[in-house]
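The values are calculated or read from the model by the stated rules, or taken from the named source; none is laboratory data. This one's a predicted model, so the numbers in the text were calculated from it and none came from an experiment. All Cβ positions, glycine included, derive from the backbone under ideal geometry; neighbour counts span all protein chains shown. Only protein heavy atoms, including side chains, enter the accessible area calculation; ligands, DNA and RNA are left aside. Shrake-Rupley method; radii C 1.70, N 1.55, O 1.52, S 1.80 Å.
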Amino acid sequence: MSLIVHKYGGTSMGSTERIRLVAKRVAKWARAGHQIVVVPSAMSGETNRLLSLAKELAPAKETADYQRELDMLASTGEQASSALLAMALQAEGMPSVSYAGWQVAIKTNSAFTKARIESIDDKRIKTDLDAGKVVIVTGFQGVDPDGNITTLGRGGSDTSAVAVAAALNAAECLIYTDVDGVYTTDPRVVSRAQRLDKITFDEMLEMASQGSKILQIRSVEFAGKYNVPLRVMSSFEEGPGTLISLEDEDQMEKAVVSGIAFNRDEAKLTIRGIPDQPGVAYKVLGAISAANIEIDVIVQNVAKD
Ligand code: ADP
Ligand code: ASP
Ligand code: MG
């Protein structure tokens, strides 16, 4: 018997019919003798819907008070999907209980809309697992030291799942999504992309940081740090998926390209004729940083053309 964490993305939780399918799979795993913790995302489209309602009411008010309310609002999507999944499991005859992030508690810092997980109290989850229940923990959210609800950034349920798996010392964290694994590049864009059987944390981190949005980058960092094996697999069809784990020894010497990532949302700015003097880079980059503009890549090039 082992403890396994399942994470289901928005598409997998997208309707009551799909939630019922998730419940059937989870119940099957639990009946096979595993202890199962499920971390669901909000139903697909729900987080976007909530955030667009906020925009209608307060289009440009990016104050700290506003950010706090954004998290209060966006976190409700996961609370709803978690409760629905618990009900669906109960309907399958499988005892189940759902918890919001603050009830567990998943403690984070106070950086609203992009909070970082600092600790997870595993007591409540363990007691329920030992009592034979499937435990559902909302993805994407936590609670800050002042008791405010926080969220972990878009795609943050991946990170919730990995953090819960690390805290519980789970044998594996299964990321169920709408593709059947990690591909050499986004299969929705390149139809010839190929599924990878396995990939290392470092390679996945590189792909995530270059814009591949299959996993939130923080979840990969976390999985590498605590050595939580991740498996990305389809919620809709059976298959081995892609295992993400530590370096494979016989692969170590091989220089291989594992995949190609891309970002559609990138601006490029070239500044020419900059004198090669100390302090000049600071003059340029300091001003950009003061304007809160994030730079992804800096290329310093001597050639004019
Ligand atoms: P979920 O809602 O389950 O979290 P996401 O939409 O966040 O799902 O992530 C899954 C999507 O990631 C896929 O539908 C696919 O279009 C995209 N994707 C981007 N890069 C890759 C890749 N290298 N391999 C597989 N999927 C990728
Ligand atoms: N529901 C959140 C989002 O849409 C978190 C997630 O799906 O991982 O970003
Ligand atoms: Mg996602």
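Things worth noting here:
- Electrostatic dipole magnitude of region 150-265 [Cβ: Lys, Arg +1; Asp, Glu -1; Cα centre; debye, to 20]: 460
- In percent, rounded to a whole number, the relative contact order of the chain is 17, using alpha-carbon pairs under 8 Å and six or more apart.
- 1.4 Å probe accessible area per residue over the chain, in Å²: 57
- Distant-in-sequence amide contacts of His6, defined by a placed amide H-H separation under 5 Å and a gap of 5 or more residues or a different chain, comprise Val37, Val38, Val39, Leu174.
- Val297 exposes around 100 Å² of accessible area when a 1.4 Å probe is run over every protein chain in place.
- A Förster radius of 41 Å, combined with the Cβ-Cβ distance separating Lys213 from Val280, puts the computed FRET efficiency at roughly 0.70.
- Full-stretch length increase - Arg124, Lys24 - with 0.36 nm per residue and alpha-carbon distance subtracted: 33.6 nm
- Between Ala261 and Asn227, the C-beta separation translates, for a Förster distance of 30 Å, into a calculated FRET efficiency of about 0.80.
- Point-charge dipole on Cβ atoms (K/R +1, D/E -1) for the chain, about Cα centre, debye to 20: 580
- Taking 0.36 nm per residue of separation and subtracting the current Cα-Cα distance, fully stretching the chain between Ile295 and Arg272 would add 6.5 nm.
- Here the chain exposes an accessible surface that is 51 percent carbon and sulfur, computed with a 1.4 Å probe and the other protein chains kept in place.
- Positive contributions from Lys and Arg (+1) and negative ones from Asp and Glu (-1), summed over other residues with Cβ under 12 Å from the Cβ of Asp130, come out at +2.
- Where trypsin sites (Lys or Arg not before Pro) fall in DSSP loop in region 33-106, at most 12 other Cβ within 10 Å: Lys61
- Note on Ala171 and Thr16: with the Förster distance fixed at 25 Å, the Cβ-Cβ geometry gives a FRET efficiency of about 0.25.
- Only DSSP H runs of four or more residues enter the estimate; each adds -39500 (n - 2.57), and after division by the residues of the chain the mean residue ellipticity at 222 nm equals -10500 deg cm²/dmol.
- A DSSP coil position with no more than 11 other Cβ atoms inside 10 Å describes the following trypsin sites (Lys or Arg not before Pro) in region 178-272: Arg188, Arg192, Lys254, Arg264, Lys268, Arg272.
- Compared with the rule-of-thumb size 2.2 N^0.38 Å for a compact globular protein, the chain has a Cα radius of gyration ratio of 1.09.
- Each peptide in 74-83, 125-134 was scored by the mean count of other Cβ atoms within 10 Å over its residues; highest first, the order is 74-83, 125-134.
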